[in-house]
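Contents: one structure, followed by commentary.
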4 protein chains.
Amino acid sequence: MHTYRQQVSFGDCDPAGIVFYPNMFRWMDAAFHNYLRPFGGHVQICQDLGAIGIGAMRANASFRSPLRDGDVLDIEVSVGGSRNKSLEMTYKGLVGERLAFEGSESRALFVRSERGLSAGAIAPLLEILSSADSPSE
Amino acid sequence: MHTYRQQVSFGDCDPAGIVFYPNMFRWMDAAFHNYLRPFGGHVQICQDLGAIGIGAMRANASFRSPLRDGDVLDIEVSVGGSRNKSLEMTYKGLVGERLAFEGSESRALFVRSERGLSAGAIAPLLEILSSADSPSE
Amino acid sequence: MHTYRQQVSFGDCDPAGIVFYPNMFRWMDAAFHNYLRPFGGHVQICQDLGAIGIGAMRANASFRSPLRDGDVLDIEVSVGGSRNKSLEMTYKGLVGERLAFEGSESRALFVRSERGLSAGAIAPLLEILSSADSPSE
Amino acid sequence: MHTYRQQVSFGDCDPAGIVFYPNMFRWMDAAFHNYLRPFGGHVQICQDLGAIGIGAMRANASFRSPLRDGDVLDIEVSVGGSRNKSLEMTYKGLVGERLAFEGSESRALFVRSERGLSAGAIAPLLEILSSADSPSE
């Protein structure tokens, strides 16, 4: 498991004084890219795999308790599973031991095709992500 | 059904040249607040109901085709259902006839309680949202 | 002069209930890209000029009156001047006749060079932007 | 001087692969709120001073070198000066020793008045910000 830390700021919050929910998806995405860094990072991995991005095809989240300015948020990232052409990422957002949100994303390897963008085989990406001795593990 | 229009701009897109997915949740939320306007708008409705916000407890979306700079996005908003303390909103994002994304949110009426924020009864909100003759319908 | 319209939404506002100021820069940028559309749009113009972007080198804004959820904002865009390698864009944000903000950006034509990115001659861009009979004028 | 660290992520970048400039203003604002924390934080300070926010009246920035996914950005924050009713904040964004941007904001203490929001005397805020022994100094 990998953890990404982000402190909540005033500008992330809405007139109700709590985090505007799309920001939690923004941080899930940032946690994903942070998770990729010890394996080379998004740019390098995509270049190695001939892809233009490791993009989301679906995302969901449940908001369990409000986040506010100053909260130190730790997002736990893990690979929750995979199919032929997609990877399931799971996220848990915590402030200390308090659960703020839980979420997941289905991600695919976007490659250029005759029809524009399509999803490529996920196995080569899984191989990279399971390589031993990444600095963060 | 209510439709909210938003033109995609350069700054909404990521290095792959397509919309960064949290922005689609941002637009779903904007479509929801736009949907509320003919019924008085979020500030007035919350004041009438003694609530501090009509906030999301859960959100999900499936991204069906990429959005790019200049695309004119129409988001169709509808009430998809309700429970005692929550409202299900459904969204469909279209560029002309092309489906860009589908999503939904569970929203609750946040009220102050002894335990901080909690969800109040949704019936009074439904009553407002089903009032006849709203200008947008 | 070109005008770009954007309705302010709840999620654009901060805990003080008024627009979080970086969003006004986001809308200035969206107004700029909207201004480019009748001349072919950013992607096409950059391709024609061999550039990778028409990016900001400097930006400033003065916030004259607060913007809130539901305000219909009209941003007036104009070319305020130019130098050899930069273009000055000026912006005025209005809600009806009320001035919400004023701002400007210096933009350059970013081209790849031996040193990474550098600014190219602005004359070819000015020629495109002064072409007669653009649909928006 | 106070330093705020933020790692640049994929989603902060635009189709040119570099940071979308409004995000630098978002980080300047986050750096400001981070700077306030050892003095009690924005909510507490505003409550003590009877204000509804310490908001920006003007902001500007010069973008000196591009920021990309993975860059570890350190923003140096300082009080650059003050007038009767405003505070000048200055910012320097660095990746290691490389200068990415420089900026400043004029901030005022927003108080409710008969005319809506107006700027209050800045002296009480300066007193708080110059209090000795703040944990961060």
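The values are calculated or read from the model by the stated rules, or taken from the named source; none is laboratory data. All values reported here derive from a predicted model rather than from experimental measurement. No Cβ is skipped: glycine too gets one built from the backbone with ideal geometry, and neighbour counts run over all protein chains shown.
Before moving on, here are some points about what is shown:
- Close pairs (6 angstrom Cβ cut-off, 6 or more residues apart or separate chains): at negative phi in region C:35-50, aromatic (Phe, Trp, Tyr) and buried (at least 18 other Cβ atoms within 10 Å of the Cβ) anywhere: C:His42/B:Phe10
- Just one of the listed residues (C:Glu88, C:Glu127) is without any contact (Cβ under 8 Å) to a residue 24 or more places away in the chain and more than 14 Å from the chain's Cα centre (by Cα), and it is C:Glu127.
- Residue ID - farthest from C:Gly70 (Cα to Cα), chosen from residues in region C:4-44 that are in a loop (DSSP other than H, G, I, E, B) and more than 9 Å from every other protein chain (Cβ to nearest Cβ): C:Gly40
- Residue within region D:37-49 that is aliphatic (A, V, I, L, M), modelled with pLDDT of 95 or more and under 23 Å from A:Tyr4 (Cβ atoms) present: no
- Taken as a whole, the structure places A:Met28 among residues that are buried (at least 23 other Cβ atoms within 10 Å of the Cβ) and not polar (S, T, N, Q).
- Given (1) surrounded by fewer than 22 Cβ atoms within 10 Å (Cβ to Cβ); (2) among the aliphatic types (A, V, I, L, M); (3) at the interface with chain B (Cβ under 8 Å from one of its Cβ atoms), number of the condition A:Met1 does not satisfy: (3)
- Scope region C:65-74; condition closer than 20 Å to D:Arg58 by Cα and away from chain D (no Cβ under 14 Å); matching residues: C:Leu73, C:Asp74
- A:Ala51 fulfils the conditions (1) closer than 30 Å to B:Ile52 by Cα; (2) touching a helix residue (DSSP H, G or I) at 6+ places or on another chain (Cβ under 9 Å) except for a single criterion, (1).
- Within region D:91-104, being touching a residue at least 24 places away in the same chain (Cβ under 8 Å) and of a type in the set (D, E, K, R) holds for D:Arg98, D:Glu102.
- Criterion: in contact (Cβ under 8 Å) with a residue 60 or more places away in the chain, within 23 Å of C:Phe101 (Cβ to Cβ), surrounded by fewer than 19 Cβ atoms within 10 Å (Cβ to Cβ) and among the charged types (D, E, K, R) - qualifying residue of D:Arg112, D:Arg107: D:Arg112
- Checklist (1) more than 13 Å from chain D (Cβ to nearest Cβ); (2) assigned to a strand (DSSP E or B) applied to C:Met89, failing item: (1)
- Of all residues in region B:48-64, none satisfies the criterion of being part of a helix (DSSP H, G or I) and facing another protein chain (nearest Cβ under 7 Å).
- When region D:66-85 is filtered for residues that are farther than 21 Å from D:Asp48 by Cα, in contact (Cβ under 8 Å) with a residue 40 or more places away in the chain and not in a loop (DSSP other than H, G, I, E, B), the ones remaining, listed by number, are D:Val72, D:Leu73, D:Asp74, D:Ile75, D:Glu76, D:Val77, D:Ser78.
- If you filter region C:62-95 down to residues that are more than 17 Å from C:Cys13 (Cβ to Cβ) and among the hydroxyl-bearing types (Ser, Thr, Tyr), you find that the one that is surrounded by the most Cβ atoms within 10 Å (Cβ to Cβ) is C:Tyr91.
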